[in-house]
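Below is one structure; the comments refer to it alone.
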Amino acid sequence: MAKHQTSPQSASSQGANSQDANHTLEPFFILHKAQPQATVVEKVSKSRKGRKKGIESSPKSPEKSKRTTSDEQPSNTLYEQWWFKAFNEIWSLIQSSIEGVLRDINLKLFNEVLQWIEDSFSEIKSNVKLSSSEILQPYPLLADTLCRKIPTAFVLTKNAEFVDDIQTFCDLGSHLKANRCHVANMSALDFSLKFGIGGSVRSLLRQLHSEPLDGKIADMLTLAKWYCEEEKNDKPIVVMIDDMECCNADVLGNFITMLSEWVMKIPIFFIMGVATTIEAPKNMLPSDALQHLNPSKLTLGTPSDRMNSLVESVLVEVCYCFSLGHEVSVFLRNYFLRHDGTITSFISALKLACSKHFSLESVSFLGLYMLDQDSEERWSEKFVYLPESMKRCVLNLHSCKSEKNLQGGVGSIVQQLSDLKASQRFWSSVVLCLFEVARYSKMQFLDIFCEATDPKMYCMNGSENSLKKHFRCGDKNSTARSSSGVGSITRVIHTIREMPVAALSNLLDKWNNHTEEMTEINEEVKKLQSVLASVDEGKVYEENLHNIRNRKSVSVISGKRNSANEKVAMLLDAMIRKYMKPLECMTLHEIICFRDVDVLQSGLIGDPRKTIQLDLLKCHSYLSCSCFSSDAKNLSPSMHDTSIMYKLAQEFGDVINLYEWYQSFKTVLTSSSQTSRKRGRPSPASKKAKPLPPSETEALIQARFCGAVTELQISGLLRMPTKRRPDFIQRIAFGL
Amino acid sequence: MAPKRKKVEVEEEEARAQVEVEEEDEEEEELAFSRNYFLAKEVGSASGKRSAARKVSEINLVDEQLLRASLSELPTKHEKEIGSLLESYKGLYSNWLFELRCGFGLLMYGFGSKKAFLEDFASSTLTSYTVVVINGYLASVNLKQVMTTIAEILWEHYKCKAKISTGKKQQTQLPNGLKSVDDIVTFIVDISDDCNCSVCLLIHNIDGPALRDPDSQQHLARVSCCSCICLVASIDHVNAPLLWDKKMAYTQFKWSWHHVPTFVPYKVEGLFNPLILFSSGHVQTTKTALVVLQSLTPNAQSVFRVLAEFQLANEKEEGMHVSELYTKCREQFLVSSQVTLNAHLTEFKDHKLVKMRRHSDGQDCLHIPLPTNALEKLLQELV
């Protein structure tokens, strides 16, 4: 075993890694314990609690910076701390924004649920009044069967993937808990056949009891006793099951029937998430369980509504400290629309993008000061203490290379950063204005966002002529473009041209708020508001005229209205041209902009099926050895054994004849060694095989063959021979 | 004592690996039916040509011991290049640590054993974590034991913290009532928020034989959500992502994928996989048959010999009639009654040394499912 462990390459490459050979056969072992001091640092940085926004928690501290200045070559760990703190600050801001948005979206539903519970609870309380002794009686009360129905809310999640709704149900639970309810948040795992109804009741009790159930029997009597405790019996118990359709129908049915026996004594409410239709519970649950439910129906918002809100609050409103490049935006849009359509995957992709940005971009920590009111001062302070190497990093950013002004020094860099911040604020204001129109016409915000981040589009908009040309282009191909996300802004402008007066007026009110920082535009908006007010007055007149079918007057009024629409459209056009400068067109954008779509894609979607095959087929690209240089396509004996075997396997069909495979392998190993002998340049394999007697050479080849087959089997690319076909091996993967 | 225990464990592993192969055989049979039409045709044509196809037995196989010895001493090709490839990954260690601290789980994939270099990463970079390594490639991994160890580590820190805050001495043992893995996992989840420590679970082959069942994955997913536990795992199987649903992948494990092909041989991971050239066909069967026969009584061995000699002498026959065997055995005073013979035959059938066949004349006959040369070899070695 020791031989396996300390194989030559592991010994050479892993050198200092002194692992015990015995550990390879231990199912598990402790490699090392944490170093005490480091643990504390780690814990502090890992903890999400107590994170403060602002100056105190910013990465720079004079002491640290002084140390770096004196050292001139500050350790990477210091930078890592800066990056990590910047990530923590910014991601916590984004996360709280996400949580806030999702909570707000669901608040209406949450209040609906709460109202429903309160109404039903007060009704039950008014009908049945029981003492503690009556509640604790182990037999059911004789009463009207109608009262034995459990009030149940089926929440239609409108989402085949329930992963998004897990958080919604958690939030609902917290909301109900905060509003005088006992809540148990259960899932399909609690209603499995393996643990049966006992598991369900245990899970219910575990969630309701704040203390562990040490030694207590998990039954309804325990629940009743708990409920009779002081200050508990004046609240309803809400049992939430987020993915009802994934539960075992029999276990859930029995659970419902059992609770219904106690529902008069303990007021229990069910909230069940249903992914498909309202018919699903009827189809799934046994009829005797179903008759104990008193159903009501509630509906959650769709994923696309949630996505719109997320884009608005996360990608646009918080964009000045971390933002996405155009390619990354398009990738994320496609990932959402084509991959799985869940908000959860989108958020995890965003988080990964954020972490990759801070870990890969060395000057990304400067983005943190975008959050501060006095950013300029903060940057100036920071640059004084920043080591020269880091300053050079800033100047070497791709967007700085063409910028001659920056060579002026710290002042010019700080000025550029301020410009960047201001530009992002303007950009986000214009995009928010676009979103207001998109909300009216029910367009996807993500499409507009992608277009708004496109630097090419901005270059195109540069001259007035080309802008008109672009819009005209948009007219012709609007349908085709909208499907690919391009042309959304054009569609927004068209929407404005066709908006009724009331909607236009509302739109301008919203724009008024969004454009506060752009005084020039804000004044224009106000002017247009007053113009519209006059049109609005005329609208009553217009309607009267319409009633008496006076077409001539209508056309006059509508003409006036159209001119107002045109003016609003022109204003938006002007806003876009002047203020919607995509981040990637700005100097120093690399500090806050994540653009590396390949890194994100590979971190997010591992495709082992394709990649492992490619590893084997193109091993020369990883192991850049001289023996591959002549002709990578031909098989040479010095190639990796498994790679040779897998390439040979490509020539077989669904099944591989072991004998033929072995012979081909042997031919590759031996024939080429002869060739190399002729050339007088033996390959590494032949060099070792040459002095061996034939039997040992044969053993070596057979050993290599067996080893390679085992490796392919571990990779899941082969199935071992069956008894029926002992001489054939089955291929699993076909094509990449 | 310890080496002996290790030997027993190794034997158990081998036995398990053998069982797995047999299970896979059954699966494969089912798979053959589920293939689409064209593939099915291809399989059909391949099996049609089977008689003409070359057999593994035609390879001039060397002795298994010699082959195993060669395998263990096999020089690695491109050692230098592999070394520099692994060296290049060292530059990424700090980025990986960063991602771990950001709350992601690291999932390493790509061809080649990642065991040594992941442990190198853990030893050199994860110094602030207590690192628990799980060798998922072993079928003997017991998740309950692993979880208990993690619970003990956390409990140790939890106790220290409670002692500092309350000034009271806490119990040293884990609380009672932690009987199932589920209970232990729940315990870990409950106390993790109050633990002042960081534990890193390094799982080699999270898609390994003992961990690929849904329950184990659920337990690992729940544990990976804990604030003080982070996960670094490797996969080797191309279909490993099918182990996780979206909830597990995005909200629990929170994988950040890293493609790190190493091309290092899977020496430890493949230790218990049977060698392809010896796993099927007559070689293996001769050996196993010999082991079984040697454990039987001399009389039973002789009965088997009678049957084997008949089969060798009458290669074209479908098998030997039971009555004929009884007569011959009785003549040689090997059995005294039909009952005794039946007892021997049951033993043979249980160990698949003998198979019952319906003869063309309608009577049942006995047949040893071994090729002639294997049978000859067996008889020679049985002496």
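The values are calculated or read from the model by the stated rules, or taken from the named source; none is laboratory data. These numbers were taken from a predicted model, which means no experiment stands behind them. Cβ sites come from the backbone with ideal geometry, for glycine too, and all protein chains shown count toward neighbours. What goes into the accessible areas is simple: the full protein's heavy atoms, side chains included, and nothing from ligands, DNA or RNA. Shrake-Rupley method; radii C 1.70, N 1.55, O 1.52, S 1.80 Å.
Brief remarks on what is shown
- 14 Å beta-carbon shell around residue B:315, net charge (K/R +1, D/E -1): -3
- Distant-in-sequence amide H partners of residue A:593 (H built 1.01 Å from N, under 5 Å): A:323
- Long-range HN-HN contacts of residue B:321 with modeled amide H, under 5 Å: B:366
- Mean partner shielding of peptide B:107-118, defined as the number of other chain Cβ atoms within 10 Å of each residue Cβ, is 6.
- Per residue, segment B:65-154 exposes an accessible area of 27 Å² to a 1.4 Å probe, with every protein chain left in place.
- Rolling a 1.4 Å probe over the heavy atoms of the protein chains gives segment A:196-307 an accessible area of 41 Å² per residue.
- Segment B:298-370: chymotrypsin sites (Phe, Trp or Tyr not before Pro) in DSSP loop, at most 11 other beta carbons within 10 Å: B:333
- Separation of segment A:259-317 from segment B:94-110 is 36 Å, based on Cα centroids.
- Average other protein chain Cβ within 10 Å of Cβ, residues B:53-59: 6
- Pairs spanning more than 21 Å between alpha-carbon atoms, out of A:421/A:510; B:55/B:287; A:723/B:114; B:355/B:377: A:421/A:510; A:723/B:114.
- Remark on segment B:88-130: Rg and Dmax equal 10.4, 29 Å (Cα only).
- Leaving ligands and nucleic acids aside, the B/A contact buries around 11600 square angstrom of accessible area in total at a 1.4 Å probe radius.
- Against the empirical 2.2 N^0.38 Å (N residues), segment B:177-247 has a Cα radius of gyration ratio of 1.16.
- Built amide H within the under 5 Å cut-off of residue A:186, gap 5+: A:240, A:241, A:242
- Across the cross-link table entries A:618/B:77; A:125/A:149; A:108/A:177; A:610/A:666, which are compared at the Cα atoms, the separations over 18 Å belong to A:610/A:666.
- The mean sequence separation of alpha-carbon pairs under 8 Å and at least six residues apart, normalised by the residue count of segment B:98-254, gives a relative contact order of 35 percent.
- Ordering of A:516-526, A:235-245 by packing is A:235-245, A:516-526, highest average first (other Cβ atoms within 10 Å, averaged per residue).
- Each principal axis of the Cα atoms in segment B:226-373 has its own extent, and those three values, largest first, are 77, 32, 30 angstrom.
- Note on residue A:624 and residue A:570: their simple-model spin labels are 6.0 nm apart, each label 7 Å out from Cα toward Cβ.
- Inter-label distance, nm, simple model (7 Å from Cα along the C-beta direction), residue B:287/residue A:503: 7.9 nm
- Sites listed here are GluC sites (Glu not before Pro) in segment B:70-143 whose DSSP assignment is loop and whose Cβ has at most 15 other Cβ atoms within 10 Å: B:73.
- Segment A:370-456: trypsin sites (Lys or Arg not before Pro) in DSSP coil with no more than 11 other Cβ atoms inside 10 Å: A:401, A:404, A:442
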